[in-house]
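The values are calculated or read from the model by the stated rules, or taken from the named source; none is laboratory data. All values reported here derive from a predicted model rather than from experimental measurement. Don't worry about glycine lacking a Cβ; one is built from the backbone with ideal geometry, like all the others, and counts go over all protein chains shown.
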Ligand code: NI
């Protein structure tokens, strides 16, 4: 589900709309123009404006027969309003079944790429209406009108909508946020959409010095992270470990501090700070910490039986 960079055909002067569209494009975003005037002449004018501005998507409007010829030959995607729209602010008339039938018929038309459903302007059960239209329709459905809270965004998402528009709530400073100022409103909407989409980032850097400072026991790897099926482990080595091998698991040893001697049956290898060595499965090896404590970052399958329980330091 996306937030649309939406601007309406009622508002800014034409030249400012062109500047805005250029800024949206420069930001790598998709531009949408939403038609809120419903008389035929205004809609044709809006469609012509959409072509001249070069928006990516034209939302709204009901005079499809008049708009399609204007958009013909352009790359503009068209998402008109299904159903019967009355007044401004608009009201969506008709029963759920009637709106669904109209939506399916409309979306089937050539040149119509999706729908803009004024769901919250319906007097029917809005949740049921949204779900019914999305279920009946393969083309993307964007929900419009009176979406002004995280709760409603969540309901819209669950309905199967491809996105939603938000206008008045943010412009009036009514979206729940720290301040009514527009930028704060938009940041809050982005944050809530990220939350609804489970896109909130849990990512933060981990510092190896701090992580190693947090424990002191040796030969006792602790899991610091996981990458798919591979565990990232931190361990402090001291002295000589035992000869062993792993049946199926490869191991990587990255030396953060100190020096590590990896003994193999045919030779020894010294791994210095900032270096790593990969020991393939079935190969016998015996790690030895040189010069006191050696801090090692291990990468190995998370399923690896903890060798720590088998480890019996011999010196
Ligand atoms: Ni091993």
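For the stretch 208-225, a residue qualifies if it is exposed (fewer than 12 other Cβ atoms within 10 Å of the Cβ) and either more than 21 Å from residue 287 (Cα to Cα) or not assigned by TED's automatic domain parsing to the domain that holds residue 294 (or both), and the qualifying residues are 209, 210, 213, 214. Could you list all residues from the stretch 213-240 that are within 14 Å of the ligand (Cβ to nearest atom) and either assigned to a strand (DSSP E or B) or modelled with pLDDT of 95 or more (or both)? 231, 233, 235, 237, 240, listed by residue number. For the stretch 12-20, check the following and say yes or no: at least one residue is more than 25 Å from residue 171 (Cα to Cα) and either without any contact (Cβ under 8 Å) to a residue 12 or more places away in the chain or assigned to a helix (DSSP H, G or I) (or both). For the stretch 12-20, residues more than 25 Å from residue 171 (Cα to Cα) and either without any contact (Cβ under 8 Å) to a residue 12 or more places away in the chain or assigned to a helix (DSSP H, G or I) (or both): absent. Scanning the stretch 59-66 turns up at least one residue that is in contact with a helix residue (DSSP H, G or I) (Cβ under 6 Å, 6 or more places away or on another chain), part of a loop (DSSP other than H, G, I, E, B) and surrounded by 24 or more Cβ atoms within 10 Å (Cβ to Cβ). Looking at the stretch 111-212, the helices (runs of 4 or more DSSP H) lying wholly inside it that each contain 3 or more residues that are within 24 Å of the chain's Cα centre (by Cα) sit at 126-136, 150-158, 182-196. Could you tell me whether residue 7 is under 26 Å from the mean Cα position of the chain (by Cα), assigned by TED's automatic domain parsing to the domain that holds residue 122 and either modelled with pLDDT under 90 or surrounded by fewer than 18 Cβ atoms within 10 Å (Cβ to Cβ) (or both)? Here the answer is yes, as residue 7 does meet what is asked.
Residue-by-condition table, conditions (1) modelled with pLDDT of 95 or more; (2) in contact with a strand residue (DSSP E or B) (Cβ under 6 Å, 6 or more places away or on another chain); (3) buried (at least 19 other Cβ atoms within 10 Å of the Cβ):
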site: 33; (1), (2), (3): no, yes, yes
site: 42; (1), (2), (3): no, no, no
site: 50; (1), (2), (3): no, yes, yes
site: 84; (1), (2), (3): no, yes, no
site: 87; (1), (2), (3): no, no, no
site: 115; (1), (2), (3): yes, yes, yes
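Filter the stretch 256-276 down to the residues that are more than 15 Å from the ligand (Cβ to nearest atom) and part of a strand (DSSP E or B), then identify the one that is farthest from residue 294 (Cα to Cα). Among those that are more than 15 Å from the ligand (Cβ to nearest atom) and part of a strand (DSSP E or B), it is 268.
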